[in-house]
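Some notes on the structure that comes next.
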Amino acid sequence: MTDIETMRAISQDVYGAPDVLQETLLPKPAPGVSEILVAVHAAGVNPTDWWSRAQSTFIARLPQVLGWDVSGVVEAVGVGVTVFKPGDEVFGMLPYPGGAGSHAEYVTGPARVFTHKPAGIDHVQAGALPLAALTAYQALVDTAGVRAGQRVLIHAAAGGVGHLAVQIAKARGAYVIGTASAAKHDFLRSLGADEVIDYHSVDFTEVLSDIDVVLDPISRDSAARARSVAVLRPGGTLVSILPVPIDAGELATIAERGIRYESLLVEADQAGMQAIAALVETGALRAHVEATFPLAEAAKAHALGETGRTSGKIVLTVRDSKAQLAQQLLHDVFVLGDTAIVDRVVRPDSYIQHNPLAPDGADALKYFSGAMRQQFPQAAFEPRRVITDGDLVLLHSRYVMVPGTEGLAVFDLFRFQDGKIAEHWDVIQEVPATTASGNDMFATLSEPRTDAIGQRWFTAYHKELVTAFVDQLLVRKDLTAIDAYVGADHHEHNPNIPGGAAGLKAGLGSYFDKFPQLSVTPKRVIAEGDLVAVHSHYVDTPGERGRSVIDLFRVRDARIVEHWSSEQAVPETAANDNTMF
Ligand SMILES: NC(=O)c1ccc[n+]([C@@H]2O[C@H](COP(=O)([O-])OP(=O)(O)OC[C@H]3O[C@@H](n4cnc5c(N)ncnc54)[C@H](OP(=O)(O)O)[C@@H]3O)[C@@H](O)[C@H]2O)c1
């Protein structure tokens, strides 16, 4: 008898509430003719997932594994497949409705529903896109043929489909109007919406007319549809993406007004995926991921989605990303005092430690965390920013060891090797009660005010810009670098430096005057999206041991707009031989 290879999957034997979803072991599938087998890394969750979980819909075959979105890595190809090979990173939507099954560690699907994942986005981003982006693309581009200058109304514009539709319509050069609750208007504007309407307080039929295209994910009956028809110009198109019946009489009334009505059901579509990938690559399209859940917590993802109030997408992570592993390690070790994770994510034999208080090795990390836990049983850890750059993951966090204190501003830097953490550096600074700029050490004050990584497609450019800036300003001590690189309304979080570009110039000017022999040696640069960190050795006066410093910059529109940092004196002696660099 041969062993059957199994995989984890979220399956259900009955229809019902989210708790019918169970993590189960199922046979790992094999790719059939013209199919590929994908190791799923992330998979979006869509309204059709929670509908199909609750009742028999288009698919009626219990037990069932749901999930149409896929982002992952090709594990094997079936007979006849030439366009992909094992190891390729791909994303796509499985054939709707019958092809579901991505809420699992592996899934098979026709090769021609996938395309290559853009290198500039991670699997979570890519897994968020397929079904929602294809729906928006097929509605706006394939069905309505949206052109530059047209007026496009997108209902539920903050939702999974809507927020991508706004960006796709903008990329076509349209004038885009979106409906959403007022609290989501800044979000819609950040996506490029030209006009936003709070559907709770404003009747859109009273403020809109001459619309060319309406994308409608909300109208369930003829009265609701008539309102969208009323704002369309003759010759305009209403694309409904709610698969609800419409009778011949209503269709005739709509046609009499010269309006085209289409009801769209999304189709698996390689050409559409290629168009979506191209929009991602040019920076025109990006999924907003409101929440991620590990595969085992699929029920929680369904429950959140079912509220109908989320912005952007919810994604299941099937294989943990390096950023998640690093955060989980710090959380479990310092907040829970649970060191089981160390065996799972840290290299047992060769964990290199640069924290001067801790020796090398995974066991030492466990011991160290136990000692910390005993001393600070109520320690809390709040990660604010996480940057992944190749094998390096940098976390910028506030640790509060004793409740009620300001805590510590900490940068933890991890290096991964073969999927496990192999090396760790950190820089720890006490948070002072007051700062020269009045800004705290953690907030994001530049626009958009989010701690999320933005503009990943500019990572390499931002890395180059900050490297050149640091070289000119800190290595060569040339203050004119501030004029060349820093925005006038710069936000400063180093507690000793005043705010604004002028404050930075004054603060650094007096620091350079005080220490004319200052030497700054950058050791490594870590960048993702609009965030670039530089880990450097600062020596104020020759012969001193100096300080380990991490400077973190945010770059927007080719200007440095914000700076956070932590610094720590290099001690005389350390528990390891690795130096702090
Ligand atoms: N035909 C197809 O192939 C297809 C494909 C994909 C989706 N769909 C359908 O399209 C709909 C939307 O899907 P989705 O993934 O975008 O869902 P979603 O992400 O769950 O949508 C949530 C968003 O809808 C907004 N919303 C709800 N009622 C609204 C209203 N009356 N006016 C304006 N905004 C409203 C909410 O904003 P507020 O909090 O501001 O209300 C929320 O941001 C679902 O019914 C789905 O089944 C169909």
If amide H atoms are modeled at 1.01 Å from N in the peptide plane, then the residues at a separation of 5 or more from Val486, or on another chain, having amide H under 5 Å from its own are Ile560
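Relative to the present Cα-Cα distance, how much length would full extension add between Ser201 and Glu23 at 0.36 nm per residue of separation?
On the way: separation 178, 0.36 × 178 = 64.08 nm, distance 4.29 nm.
Once the chain is fully extended between Ser201 and Glu23, it gains 59.8 nm.
Is segment 293-444 rounded, prolate or oblate when judged by the Cα gyration tensor, a ≥ b ≥ c being the square roots of its eigenvalues, rounded requiring a/c under 1.5 and prolate requiring a/b larger than b/c? Can you show the working numbers first?
Numbers: a/c = 1.66, a/b = 1.13, b/c = 1.47.
Oblate is the answer for segment 293-444, as a/c is 1.5 or above yet b/c matches or exceeds a/b.
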Here segment 493-508 yields Karplus 3J(HN,Hα) values (6.51, -1.76, 1.60; θ = phi - 60°; whole Hz; Gly and Pro given as x) of 10, 5, x, 9, 10, x, x, x, 5, 5, x, 4, 5, 5, x, 6
Taking the dipole of the chain about the Cα centre (Lys, Arg +1; Asp, Glu -1; charges at Cβ), the one of Ala30, Ser566, Ile241 that reaches farthest to the positive side is Ile241
Interchain or sequence-distant (5+) residues whose placed amide H lies within less than 5 Å of the amide H of Ser566 are Ile550
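Rank-order 206-216, 127-137, 398-408 by packing density, defined as the average count of other C-beta atoms within 10 Å over each peptide's residues, highest first.
127-137, 206-216, 398-408
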Cα-based Rg/(2.2 N^0.38 Å) for the chain, rounded to two decimals, is 1.07
The distance between the Cα centres of segment 388-424 and segment 278-307, in whole Å, is 24
With label points set 7 Å from each Cα along the Cα-to-Cβ direction at Glu262 and Phe376, the distance between them in nm comes to 5.8
FRET efficiency (Thr521, Ser190; Cβ distance; R0 22 Å; to 0.05) is 0.05
Which residues qualify? For Met7, with a placed amide H closer than 5 Å and at least 5 residues away or on another chain, they are Leu26, Lys28
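How far, in nm, would the chain grow between Glu544 and Ala303 when pulled straight, counting 0.36 nm per residue and subtracting the alpha carbon separation? Walk me through the numbers before you get to the answer.
Values: separation 241, 0.36 × 241 = 86.76 nm, distance 5.69 nm.
Full-extension gain reported as 81.1 nm.
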Karplus-derived 3J(HN,Hα) from phi for segment 349-365 (6.51 cos²θ - 1.76 cosθ + 1.60, θ = phi - 60°), whole Hz, x at Gly and Pro, runs 8, 9, 8, 8, 10, 10, 5, x, 8, 10, x, 5, x, 5, 5, 4, 5
Going residue by residue through segment 516-532, the Karplus relation 6.51 cos²θ - 1.76 cosθ + 1.60 with θ = phi - 60° gives ³J(HN,Hα) values, rounded to whole Hz and with x marking Gly or Pro, of x, 9, 3, 10, 10, 10, x, 9, 7, 10, 10, 9, 8, x, 8, 10, 9
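Magnitude of the Cβ-charge dipole of the chain, K/R +1 and D/E -1, about the Cα centre, nearest 20 debye? Walk me through the numbers on the way to the answer.
On the way: 48 positive and 70 negative charges, 138 e Å.
Charge dipole of the chain: 660 debye, to the nearest 20.
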Inter-part gap, Cα centre of segment 173-238 to Cα centre of segment 34-101, in whole angstrom, is 32
With a 20 Å threshold on alpha-carbon distance, the violating pairs from Lys463/Lys505; Lys117/Lys300; Lys85/Lys117; Lys477/Lys514; Lys28/Lys420 are Lys463/Lys505; Lys117/Lys300; Lys28/Lys420
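Any read-out appearing in this document is the output of simple, stated calculations on the displayed coordinates, not a laboratory observation. Everything numeric in this text was worked out from a predicted model, so none of it was measured. Cβ sites come from the backbone with ideal geometry, for glycine too, and all protein chains shown count toward neighbours.
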